[in-house]
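The values are calculated or read from the model by the stated rules, or taken from the named source; none is laboratory data. These numbers come from a predicted model, not from an experiment. All Cβ positions, even for glycine, are placed from backbone atoms using ideal geometry, and neighbour counts span all protein chains on display. Side chains included, ligands, DNA and RNA excluded: accessible areas come from the protein's heavy atoms. Shrake-Rupley method; radii C 1.70, N 1.55, O 1.52, S 1.80 Å.
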Amino acid sequence: GSACGGGGGGRGRGGFAGRAGAGRESGGAVGPRVGSSAGCRGGEDQARLRQLYDAGHRCFGENYVQEIVTKAPQLPEDIRWHFIGHLQSNKVKPLLAGVPNLDMVEGVDNEKVANHLDRAVNSLGREPLKVLVQVNTSGEESKSGIDPSRCVELAKHVKLACPHLIFSGLMTIGMKDYSSTPENFKALVDCKIEVCKALEIPPEQFELSMGMSGDFEQAIEMGSTNVRIGSTIFGPREYPNKKQK
């Protein structure tokens, strides 16, 4: 799991401050936010999440559907949850139904899951849901995400063909050992430039979610607006049941 917190401009306590709110505070420019990811540790995990909440943190992330639908009802309703990473189409409805305060899905990597999300938001009567398109910037076959050459096409589909989704930007998951090279981050920045131009989106209104515990400083230097911090806060994640994703 992860916590989404904020960096710079006094927004740190609020986590991934909502795009509009952050824009109002800073004249449109949005500083980087920090996301916190919590691992599978039952009561200990809940206690640490509660500590972060009590310290003013309001944005948390999780990359297992089973985990987020278990944790969210046990924590305050004003938390803004982010689902991070690849989402299977058959998990869309359980995720949206189980987490009413889901704020964003960081991981739309194909049109099918975008369409499933759009229909589920509509059928559940939810407010439009913010989404980021996930791009595979490292070229690793094991990584989810659309090829950079197709990011404009998918972004266009989400923005124009999914009325119940809010296309908010792009995300990438770094190298497995958290040692993403500048090329990985630059690839996402290049995608942002292409998408902003094609869809006529002001760059300052565009989210770039990249950088984790081991490489977030470099990611921020290269333009990240959202960094996802897990192991630095919670320690290495434990995986008691890898089939629960």
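Quick notes on this structure:
- The residues of the range 201-212 that are buried (at least 18 other Cβ atoms within 10 Å of the Cβ) and either assigned to a helix (DSSP H, G or I) or not aliphatic (A, V, I, L, M) (or both), listed by number, are PHE206, GLU207, SER209, GLY211.
- Filter result for GLU141 (out of contact with any helix residue (DSSP H, G or I) (no Cβ under 9 Å at 6 or more places or on another chain), open to solvent by 50 Å² or more (accessible area, probe 1.4 Å), without any contact (Cβ under 8 Å) to a residue 12 or more places away in the chain and over 19 Å from GLU62 (Cα atoms)): yes
- In the range 115-146, residue farthest from GLY211 (Cα to Cα) [restricted to those that are of a type in the set (Asp, Glu) and over 18 Å from the mean Cα position of the chain (by Cα)]: GLU141
- Some residue of the range 164-172 being touching a His at 6+ places or on another chain (Cβ under 6 Å), open to solvent by less than 60 Å² (accessible area, probe 1.4 Å) and closer than 25 Å to LYS93 by Cβ: no
- Selection from the range 121-132 of residues that are without any contact (Cβ under 8 Å) to a residue 60 or more places away in the chain and open to solvent by less than 10 Å² (accessible area, probe 1.4 Å): VAL121, LEU129, VAL131
- Flag if LYS91 is charged (D, E, K, R) and modelled with pLDDT of 95 or more: yes
- Only one entry of ARG19, ARG13 meets the criterion of being of a type in the set (D, E, K, R), surrounded by fewer than 21 Cβ atoms within 10 Å (Cβ to Cβ), at pLDDT below 55 and more than 19 Å from ILE229 (Cα to Cα), and that entry is ARG19.
- Some residue of the range 223-243 being in a helix (DSSP H, G or I), open to solvent by 60 Å² or more (accessible area, probe 1.4 Å), among the hydrophobic types (A, V, I, L, M, F, W, C) and modelled with pLDDT under 65: yes
- Note on the range 174-207: residues that are of a type in the set (Lys, Arg) and at pLDDT 95 or above total 2.
- Of all residues in the range 98-114 being in contact with a helix residue (DSSP H, G or I) (Cβ under 8 Å, 6 or more places away or on another chain) and among the hydrophobic types (A, V, I, L, M, F, W, C), the one that is surrounded by the most Cβ atoms within 10 Å (Cβ to Cβ): VAL108
- Residues in the range 44-88 that are assigned to a loop (DSSP other than H, G, I, E, B) and surrounded by 15 or more Cβ atoms within 10 Å (Cβ to Cβ): HIS57, ARG58, ASN63, TYR64, LEU75, ILE79, GLY85, HIS86, LEU87.
- Long-range neighbours under 7 Å by Cβ, at least six apart or interchain, first residue touching a residue at least 24 places away in the same chain (Cβ under 8 Å) and under 18 Å from GLU127 (Cβ atoms) within the range 148-172, second open to solvent by 80 Å² or more (accessible area, probe 1.4 Å) and not in a strand (DSSP E or B): HIS164/ASN122; PHE167/LYS159
- VAL195 in contact with a strand residue (DSSP E or B) (Cβ under 8 Å, 6 or more places away or on another chain) and free of Cβ contacts under 8 Å to residues at least 40 places away in the same chain: no
- Hits in the range 120-149 - residues which are among the basic types (Lys, Arg) and either within 16 Å of HIS86 (Cβ to Cβ) or assigned to a strand (DSSP E or B) (or both): LYS130, LYS143
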